[in-house]
Amino acid sequence: MAIEKVTKIDKIEIVGDYKHIQVRERTDIVEDGVVLSSTFERWMVTPTQDTSNQPAEVQAVANLVHTQEVKDAYIAHDQAMRTAD
């Protein structure tokens, strides 16, 4: 009867015009190969966010979709929203 805790990123989604990255991490409690329970943690990565502390697979996605063009558009949108208030 070995019980173990297994944590892995099980979903990465790219959403919206500014290519926000949504990440879901799943933690399973497993006994003898049978999942007893699961919990989830979610977070988002924006185009201008530092990704150096993200898991390698999230960094790879960010490097692919967060082009300079996307970053510039996101910054312009963010500034426009701040001045609209």
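The values are calculated or read from the model by the stated rules, or taken from the named source; none is laboratory data. Predicted, not measured: the structure shown is a model, and the values here were computed from it. When we count neighbours, we look across all protein chains shown, and the Cβ atoms used for this are built from the backbone with ideal geometry, even at glycine.
Descriptive notes on the structure:
- N63 vs. criteria loosely packed, with under 10 Cβ neighbours inside 10 Å, at pLDDT 95 or above and either in a helix (DSSP H, G or I) or not aliphatic (A, V, I, L, M) (or both): no
- Residue match in region 9-21 (condition: surrounded by fewer than 11 Cβ atoms within 10 Å (Cβ to Cβ), free of Cβ contacts under 8 Å to residues at least 60 places away in the same chain, touching a Lys or Arg at 6+ places or on another chain (Cβ under 9 Å) and of a type outside the set (A, V, I, L, M, F, W, C)): no
- Within region 33-59, tally of residues that are surrounded by 10 or more Cβ atoms within 10 Å (Cβ to Cβ), among the hydrophobic types (A, V, I, L, M, F, W, C) and more than 13 Å from the chain's Cα centre (by Cα): 2
- Taken over region 1-57, residues that are of a type outside the set (D, E) and not in a strand (DSSP E or B) amount to 16.
- Meets criteria (surrounded by 11 or more Cβ atoms within 10 Å (Cβ to Cβ) and out of contact with any Pro (no Cβ under 7 Å at 6 or more places or on another chain)) for M81: no
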